[in-house]
Amino acid sequence: MSATEIINELPKLSEQERRAIRQKLLELASENEDVQLCNQAALEGALMFDRMEDEDASRKKE
């Protein structure tokens, strides 16, 4: 089955079936080292942003 055929069948699936497919795609993606590195970079960026917001909020309280 081609990717196009799979994509064309997706609207016919139930929400539960689509959720299972999303989960499997995420699992497969997490096995890819490039995806893991991107996820790690995104997490580190989000944590840095959270720290900056916390510091900004602390300064505004002073």
What are the residues in region 13-51 that are of a type in the set (Gly, Ala, Ser) and within 13 Å of the chain's Cα centre (by Cα), if any? 29, 30, 41, 42, 46
Note on region 19-53: residues in a helix (DSSP H, G or I), at pLDDT below 90 and either surrounded by fewer than 10 Cβ atoms within 10 Å (Cβ to Cβ) or of a type in the set (Asp, Glu) (or both) are 27, 33, 34
Restricting the search to region 42-56, which residues are closer than 23 Å to residue 30 by Cβ and aliphatic (A, V, I, L, M)? 42, 43, 46, 47, 48
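The values are calculated or read from the model by the stated rules, or taken from the named source; none is laboratory data. All values derive from a computational prediction rather than experimental measurement. We place every Cβ from the backbone using ideal geometry, glycine too, and count neighbours over all the protein chains shown.
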